[in-house]
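A short worksheet on the structure shown next.
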Amino acid sequence: MIRPQRNAFRDVIDLSGIWRIRFDLNDEGEAGDWGAGSDPAGTHPVAVPGSWNEQLAEAGFMDYQGAAWLQTDVSVPTSFEGRGIRLRFDSADFSARVFVDGVFAGESGPAFLPFEIDSDRLVAGRTVRIVARVDNRLSLDGPTSGVGMEQYVAEGRVRDEYRPAVRFDFFPYGGLNRPVWLTATPMGGIEAVRLRASADGTLTLTAEAPPGSRIRVALADVEAEGLAGEPISLRVPDVRPWSPADPALYDVVVERLDALGIVADRIDLRTGFRDVEARGHALLLNGEPVTLKGFGKHEDGPIRGRGLDLPQLVKDFGLLDWTHANSVRTSHYPYSEDFLDFADERGILVIDEVFSVNLDFRQVTEATLAQHRAAVEALIARDGHRPSVIAWSLANEPGYLAEPEYRWRSGPYWKDLFGHARDLDPTRPLTHANVGYAGLDDPAFEQADIVSINRYFGWYQAPAQIERAVALLRADLDAVAAHGKPVFVAEFGADALAGQHSTSPQLFTEEYQADLIAAFWAEIQAHPACIGGHVWNFADFRTAQHSRRVVLNLKGVFTRDRQPKRAAFVLRDLWKDTR
Ligand code: BDP
């Protein structure tokens, strides 16, 4: 799948704007033919991109979990005549079925990743009705295990009940949270591009296009030609390797030539040349050890929820620079491509995470593994050309319910999944984020290239006892270092309510959060096997309602509206000279 772009051969219309939404409280829309569209009287306005929740809280949909039908009308320009016309959704949370003029036309793939819809109703010169049935429930056997009231009751885990029902600690926003596009591409055009670029200036690119098509690749002053479906290699002399200190990007032009050698399609991409490798206890970028300092984040903001927010993206990258952070994990799902554009440009190293949170091994079936594999494939296909992406994270905190099944069922599961990811991309290290309940001998560690751990000593365990917390961290670092791999602290932190202060160690104060983070950072830096750490979280974010949360998860070092807490200044100072 190629990202929508406009050039002499391709065109794109942004369908962002106010759509209409109809909530399907009784799941009757499919039977009731709601795909044909609804009378505006029974609908609400909703902004796309944007989550429906806060937008329509007053209408009663803040915590709504279920299906909702979003619709808009679009006039297909006559200039699209003679080209392939499609819809492209950058994502749908968490899944969607799409109807064009009342006819089912296709559905989403893995959550948080783009999908395209073909329909013979998309004809130049016509006005068509697009209806997307979006559902923010998760299936029980997906790579992020769903949960419902029945499970809460059956498990007798009354205290774990979240509203809306989720097994994870962030809000299950529903809606079309990223743009939707109408695209026109040449018939028989380029359908996909995979590329690898290394620090020595070599680039290998494979373009998918009709068999036998000739493909030309041009980059800097170098050109190469080959056939669709086959690797085409070239070498840029005196390349400037990409790194946080010098995020040098190169424009790559990929063209398909017709039988006469005339250009019939063109794709513009940007990439950077760099190598990344886990060796011994080190992470090497272009052969040099690198320390990861940064944050776990979320796509989250007031009102728009998870809706793409470009001003906030600009601000966030400014704040990453301001704190001297060099890396981010896309906890806990693939972020927008706009986010990754910034990361590539600004030299921010990204651990790119698949949407698999708290996978419950009591519920794992063959279908789970198949979906998990598909999510890894789609993520690597979307982001594989990005120099900023230095590692794939295949899961966050699987086995977090301490279910005994984790011990005996997860080994073969990880072997298959990590093996699959490695086959697809042997150039990047693989990891996952371990939770204490899954053990220091987490079966996933055996497959991972980087051993990542999430640890909340000083918060959930040993609260208000920083010295003990650090000792517990050290013990775990020592234990997992025995795997002989680089060790990474993927999450640590404490909630702090901005404006809450104390002279003694008190949970929820800015001082306690700052002191805990500083103490952890000292240990992370001192530990010989440790390649760095990510503070949880960059900013306060909304989560489902739970008695442990005051509306938001307050572990941000910035508030939800990006005001610094004390910890932000402390990190800025600590990270100033860390390379
Ligand atoms: C970790 C999870 C993260 C949570 C965090 C917390 O990976 O999603 O938000 O705990 O409790 O276990 O704040």
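Since every read-out is calculated from the coordinates, none of them should be taken as a lab result. Small disclaimer: the values here were computed from a predicted structure and weren't measured. Because the Cβ atoms are built from the backbone with ideal geometry, glycine has one as well, and the counts that use them run over all protein chains shown.
When both the stretch 367-396 and the stretch 74-124 are represented by their alpha-carbon centers, they are found 23 Å apart.
Measuring between their Cα centroids, the stretch 299-330 and the stretch 336-358 lie 11 Å from each other. Each residue, E288 and L310, gets one label point 7 Å from its Cα in the Cβ direction; the gap between the two is 3.4 nm.
Residues whose amide H falls under 5 Å from that of A105, counting only those 5 or more places apart or on a different chain, are V98, F99, V100, with hydrogens built in the peptide plane. Shape of the stretch 443-579 from its Cα gyration tensor (a ≥ b ≥ c, root eigenvalues): rounded if a/c is under 1.5, otherwise prolate when a/b > b/c, or oblate? Taking the square roots of the gyration eigenvalues as a ≥ b ≥ c, the stretch 443-579 is prolate. Phi angles across the stretch 33-47 convert, under the Karplus curve 6.51 cos²θ - 1.76 cosθ + 1.60 with θ = phi - 60°, into 3J(HN,Hα) values of 6, 5, x, 6, x, 10, 5, x, 4, x, 10, 10, x, 8, 7 Hz, Gly and Pro given as x. Within the same chain, aspartates and glutamates fewer than 8 places from K555 are excluded, and of the rest, those with a Cα less than 12 Å from its Cα are D169, E491, D495, E510, D540. Other residues within the sphere of radius under 13 Å centred on the Cβ of I262, judged by their own Cβ, net out at +1 (K and R +1, D and E -1). If you stretched the chain out fully between V103 and V123, how much longer would it get, using 0.36 nm times the residue separation minus the C-alpha to C-alpha distance? Extra length available between V103 and V123 comes to 5.8 nm. Sorted on the mean count of surrounding Cβ atoms within 10 Å across their residues, most packed first, peptides 146-154, 529-537 read 529-537, 146-154. Taking the DSSP bridge list for the chain and keeping only pairs wholly inside it, about 75 percent are antiparallel. Annotation: amide H of S356 within the under-5 Å range of N396, sequence separation 5 or more or interchain, hydrogens built in the peptide plane. The Cα center of the stretch 222-257 and the Cα center of the stretch 455-505 differ in position by 43 Å. Taking 7 Å steps out from each Cα toward its Cβ at E230 and T204 produces label points 1.5 nm apart.
With the cut-off at 1.5 for a/c, could you classify the chain from its C-alpha gyration tensor as rounded, prolate or oblate? The shape class here is oblate.
Phi angles of the stretch 61-71 translate, via the Karplus equation with coefficients 6.51, -1.76, 1.60 and θ = phi - 60°, into HN-Hα couplings of 10, 4, 9, 4, 10, x, 8, 8, 10, 9, 9 Hz per residue; Gly and Pro are given as x.
Remark: the stretch 162-168, residue by residue, has Karplus-estimated 3J(HN,Hα) of 10, 10, x, 6, 8, 9, 10 Hz, where x stands for each Gly or Pro and the curve is 6.51 cos²θ - 1.76 cosθ + 1.60 at θ = phi - 60°. Compared with the alpha-carbon gap, the fully stretched path from V263 to R474 is longer by 70.0 nm at 0.36 nm per residue.
Estimated at 0.36 nm per residue, the fully extended path between S75 and R279 surpasses their Cα-Cα distance by 68.0 nm.
Near the amide H of A264, within less than 5 Å, lie the amide hydrogens of R256, L257, D258, all on another chain or at least 5 residues away, with H placed in the peptide plane. For G125, the shell of other residues with beta-carbons less than 15 Å away shows a net charge of -2, using +1 for Lys and Arg and -1 for Asp and Glu.
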